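A quick write-up on the structure given underneath.
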Amino acid sequence: MTEQEPTNTELLAAAAAIALTGRRLIDNTDRTSFRDVGETLDALHEHLAVAGGSLLFLARRLGCESEVERMLKEGQARVTALRACAGMEGRA
């Protein structure tokens, strides 16, 4: 039995399902329970790795991997800059 690579549709469906399930998981998390929050974060950590990998695999297959990676780096730079400026209101 040979293992076939997933189709584009399967990759997109996997990523979408993980995002939607993750939102549902968060909604059902008892935010007052450190244990519940920890378990949710652990589950999301694993699921997001699968979703991200699926989307990067799809980007490679579609020939736009370098552009996607560039956009990811730009987005991360914006997040880093925002975090660096957090709490600096009114200061020079």
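The values are calculated or read from the model by the stated rules, or taken from the named source; none is laboratory data. Just so you know, these numbers come straight off a predicted model, no measurement behind them. Backbone-built Cβ (ideal geometry, glycine too); neighbour counts: all protein chains shown. Keep in mind that these areas ignore ligands, DNA and RNA; they rest on the heavy atoms of the full protein, side chains included. Shrake-Rupley method; radii C 1.70, N 1.55, O 1.52, S 1.80 Å.
Quick notes on this structure:
- Test: residue in region 19-26 that is more than 22 Å from Lys73 (Cα to Cα) and open to solvent by less than 40 Å² (accessible area, probe 1.4 Å): yes
- For region 27-51, taking the residues that are among the small types (Gly, Ala, Ser) and in contact (Cβ under 8 Å) with a residue 12 or more places away in the chain, the one that is most open to solvent (accessible area, probe 1.4 Å) is identified as Ala43.
- Matching residues, region 58-84, being hydrophobic (A, V, I, L, M, F, W, C), assigned to a helix (DSSP H, G or I), open to solvent by less than 60 Å² (accessible area, probe 1.4 Å) and closer than 22 Å to Ala14 by Cβ: Leu58, Ala59, Val68
- Boolean, Val37 is at pLDDT 95 or above, of a type in the set (A, V, I, L, M) and part of a helix (DSSP H, G or I): yes
- Candidates Ala81, Ala49, filtered to the one that is more than 26 Å from Pro6 (Cα to Cα) and at pLDDT below 95: Ala81
- Index of the failed condition, Ala77 passing every other in (1) under 14 Å from the mean Cα position of the chain (by Cα); (2) without any contact (Cβ under 8 Å) to a residue 40 or more places away in the chain: (1)
- Filtering region 2-30 to residues that are touching a helix residue (DSSP H, G or I) at 6+ places or on another chain (Cβ under 6 Å) and assigned to a loop (DSSP other than H, G, I, E, B) leaves Thr29, Asp30.
- Long-range neighbours under 7 Å by Cβ, at least six apart or interchain, first residue farther than 16 Å from Leu56 by Cβ within region 5-25, second in a helix (DSSP H, G or I) and among the β-branched types (Val, Ile, Thr): Leu25/Thr40
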